[in-house]
Amino acid sequence: MTTRRTGPPIARGDLFDPDCPTRRLLDRIGTKWTSMAIKVLSEAAPEEVRFAELQRRMPGVSQKMLSATLRNLTLDGLVTRRVEPTVPPRVHYRITALGLSLEVPLAALRSWAEEHMAEIDTHRHRHAEQNATDQD
């Protein structure tokens with residue numbers, strides 16, 4: 001069971017403190033779906049993007065996963081949500097200034113991953129082959 005910190009917000013986190021909420025934040029912002037959602041919403045800024053359009057522009061994301069991702073982004077203040085009272089309701093999302101500030105570091109991480117993916121795959125493949133040989 002994890003304990004949640006209560007009380008006034010801290011000014012700056014400490015990743016190496018086991019009770020620091022920075023760890024939970026990194027768990028949320030470090031996912032591929034968060035990175036993709038932030039990218040799509042940043043490209044549309046300052047305009048809104050409807051849920052269905054987000055899902056279309058994020059191949060492979062399920063409705064459930066996209067909903068959970070957007071809920072967390074909204075709770076963290078990175079995205080705003082607007083619901084039109086229509087049948088069915090139209091749900092729109094817009095990135096906030098705080099969310100836009102996250103795009104730069106996430107873009108750097110995406111770029112690094114895309115640039116080094118082949119090298120990482122090679123290392124993993126070699127490791128798997130080595131483990132298979134060691135077990136023979």
Looking at the structure I just gave you, is Leu98 open to solvent by less than 90 Å² (accessible area, probe 1.4 Å) and of a type outside the set (Gly, Ala, Ser)? no
From Leu98, Leu106, residue being under 12 Å from the mean Cα position of the chain (by Cα) and at pLDDT 95 or above: Leu106
For segment 64-95, enumerate the residues that are more than 13 Å from the chain's Cα centre (by Cα), surrounded by 16 or more Cβ atoms within 10 Å (Cβ to Cβ) and not aliphatic (A, V, I, L, M). His92, Tyr93, Arg94
Index of the failed condition, Lys39 passing every other in (1) open to solvent by less than 30 Å² (accessible area, probe 1.4 Å); (2) under 16 Å from the mean Cα position of the chain (by Cα): (1)
Scan segment 51-64 for residues that are out of contact with any Phe, Trp or Tyr (no Cβ under 6 Å at 6 or more places or on another chain), among the aliphatic types (A, V, I, L, M) and more than 18 Å from Pro88 (Cβ to Cβ) and jot them down. Met58
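The values are calculated or read from the model by the stated rules, or taken from the named source; none is laboratory data. These figures come from a predicted structure and were not determined experimentally. Here the Cβ is made from the backbone with ideal geometry for all residues, glycine too, and neighbour counts use every protein chain on show. The area values use the complete protein model at the heavy-atom level, side chains included, leaving out ligands, DNA and RNA. Shrake-Rupley method; radii C 1.70, N 1.55, O 1.52, S 1.80 Å.
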